[in-house]
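Rule-based calculations on the coordinates, nothing more; no lab input. Please read these numbers as outputs of a predicted model, since none were measured by experiment. Cβ atoms come from the backbone with ideal geometry, glycine included; neighbour counts cover every protein chain shown.
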Amino acid sequence: MNNDFIKYSVDQINQIPGNPGVYKYYDQNETLIYVGKAKNLKKRVQSYFVKQSDINWKTRKMVSEIRSIEFILVETELDALHLENSLIKKHLPKYNIRLKDDKSYPFLCITKERFPRIFSTRRYKKYNGDYFGPYANVKAMNNVLRLISSLYQLRTCKYDLSEENISKGKFKVCLEYHIKNCQGPCEGLQKEEDYLNDIEQARNIIKGKIGSVRKYFNEHMKEASENLNFEVAQKFKAKAELLEKYQYKSMVVNPKLSDLDVFTIHQYQKRIFVNYMKVVDGAITFSLTTEPKRKLDETLEETLEHTINQLVQEYPPASKELITNIELDEIALYKKQSCPVIGDKKQLIELSSKNVLFYVKEKLNNTKEPSKIAVLKKLKSDLHLQHTPKHIECFDNSNIQGTNPVASMVCFIDGKPKKSEYRKFNIKTVEGPDDFGSMTEVVGRRYKHLLEEELPLPDLIVIDGGKGQLNASVKALKELNIYGRIPIIGIAKRLEEVYVPEDQVPIHLEKKSESLRLIQQIRNEAHRFAINFHRNKRSSTAIKSSLNEIEGVGDKTIRLLLSKYKSIKALKEIDEKELSSLIGKHKASVVYKALQKEKASENNS
C-alpha cells in the first residue's frame, strides 16, 4: 500500500488549494519544523517564498530549511486555529516553540450543581459540568458571558446551595443581590424552577440556538421603540448582532468527541482512496490520505478493513472508538464503532471526506500531467524540432495609433505559464508605430540579457505575427550571433498560419490539433499581457500629462498621485481633504481646483 501525505515540494506551491486549513513544513530529514494556520492556504504559503527582504531573519532561516509541505483542509479559519494549536502541542516543532506559548483555549462551563453557575475556564473536567467551546476568540466568549449576565440574574458565588444549607440560613445575600445582578437563591429568595429556566435560555445562547433569544430581543426592541426609547432599542439590536457574529461551533476541537479514529473511503473509477484522522482529547491530531492497491477484486468494505488494520499498526495507538462512512463488520481493535448519519461525528466524516476528495483531485491532475508532455512532443514533431520545447517564450507588440508603444514576453514551462518569468518592455529606440523595429528591439534586448547573465535560452521562440515580425526577430538573433541556436516561429492571426524563417510557405497545422492549440494559448496570453501593460501605461500617461499642466505641481507630486489613483477620472472624484492627506493642504487645493474646473468644462461641453 502506498501511504502518501500529499507532500509538496517548494516549487509546487501553486497546486496548494485556497481553502482554510493548516500547513506543515518539513526539512530535508522529513522532520516537522513548523505548523501554521491560514484562511487561504495557497496565499499564506506563497507569502513565505516571495519578498524575502520583508521578513525577519528567523523566518528566512526557517524558509531555507523547508523541503516539503503538507496540509489539512478544514471548514473555517477558527477551526484551523484550533487544529494548529493541537498539532503544535503534540509535535513541538522547533520554529513554533519560540513563537507560541503552550496555552489552551478557554471553555464556557455550566456546572452540575443546584443553581448552576456559568463561568470561563481553561481546564476541562467533564465531570464538573457541561463545557462549550473552546473559544479561539476570547473577546467573543467574554461578550457572550456579558450578554448572559445582562439578560439573566445568575449567581457567581461558589456556595453549596443545597436545600438543607438554605433552610438552615447558612448564607446571606451579597452585594450582587443589592445591585440587581442576583435574585438571592442563597436565602431562598428565588425559586429553583425559575432559575433553571434562565439557565436553559443561557445554554441556548451558548449553543447558538438563538431563535427564542432573538424573539426576546425583538419584543423588547419593539417595545422600546414604541415608547420612543431608541437608545434601549439600539442596545437590544446590538446584542443580537453581537451574538450572531461571534458564536460558532468548532469541528476540529470538540470535547464531546473524546478519543476516536475516523476513516472514510471513496472510489473513483477503479481507484480507491482512504483518509484516516485521529482525534485525541477531542482534537484532531493526525490526518493521512492514502491510495490502497487492490490485488484482487475486493469490495470497498474489505479494502477499508484491511487499510484500517494496517494503518493503526503503523500509526499507533488505536483509539477505542471507530467511525466510518460505510458500514463495516466488527473490528477487534475497537470496543465501539459506528457509521454516523447526524451530529458532530457526521461532521467529522464530512471533513475527512473533504480531504479525500481533494487528494483524489490532485492525484488525477498528476496522472493527466504527461498529456502536456505528449502535446510538447507532438509540437516537436509538427515543427520538426531537434528537442522537445519544454521552455517556450512568446513576444507581442501593442500600440494604438502609434501611442505608448510597448511589448511583452510570456514564458511557458512544460506547457504551463510561468508568470514569474513574464517581462514587459517599453520601446526605447523606435519612433512611431513601427511593429517590425519594435520587435527587433525587444527580442534583441531579451536575449542579450540572457547571454550576459549566462542564463538558459528557451527551446522555442514564438512571435505574434506573420513573416514581417518573424524576419524582424530573426534580425535581432543574427545580430547576437545566436540565430540557428534557438528555433523561432511566427503565428499569423488571420488564418492561424505558422511561419518559419527562410520559408515563404507556412506550416498548416490541423485546426483541432493540440500543437496548434498550445501555440494559440501562448500567443493569446502574450497578447493579453501586452494589452494590459499598454492600457496601464496609457492611463498613466494621460494622468501625468493632465497634471503637468497644473502650475506648481512637480514630478514627485505627480508620481504620488499616479501610484495612488491610477487614472485622471478617478482623481477627479477625490475630495480635497483626501488629497491633502497625500500631498499637503496647499498643493491639494491647487490640484483640486484645476481638476474640478476641467471636470466642469467636460460636463458643459
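What the table shows:
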| read-out | value |
| --- | --- |
| All-pairs alpha carbon distance profile, the stretch 411-486, 5 Å steps from 0, percent | 3, 14, 24, 27, 21, 10, 2, 0 |
| Calculated from backbone phi, Karplus (6.51, -1.76, 1.60) coupling profile of the stretch 31-44 in Hz, x at Gly/Pro | 8, 6, 10, 7, 10, x, 10, 7, 6, 10, 4, 4, 5, 5 |
| I488 long-range amide H proximity, modeled H, under 5 Å | I461 |
| Net charge of neighbours whose Cβ lies under 14 Å from the Cβ of Q469, counting Lys and Arg as +1 and Asp and Glu as -1 | -1 |
| Protection-proxy order for peptides 228-237, 264-273, each taking the mean of Cβ atoms within 10 Å per residue, highest first | 264-273, 228-237 |
| Stretch gain in nm, segment S513-T31, where the contour uses 0.36 nm per residue and the Cα spacing is subtracted | 168.9 nm |
| Estimated distance in nm for a label pair at D259 and R123, the labels positioned 7 Å out from Cα along Cα-to-Cβ | 2.2 nm |
| Total formal charge among the other residues, if their Cβ is under 9 angstrom from that of Y334, Lys/Arg +1 and Asp/Glu -1 | 0 |
| Residues of the stretch 257-280 with amide N under 16 Å of a point placed 7 Å along Cα→Cβ from K293 | 270-274 |
| Peptides ranked, highest mean first, by Cβ atoms within 10 Å: ranges 178-188, 109-119 | 109-119, 178-188 |
| Amide hydrogen neighbours beyond the local backbone of S68, cut-off 5 Å, H modeled | Y26 |
| Total formal charge among the other residues, if their Cβ is under 13 angstrom from that of V500, Lys/Arg +1 and Asp/Glu -1 | -3 |
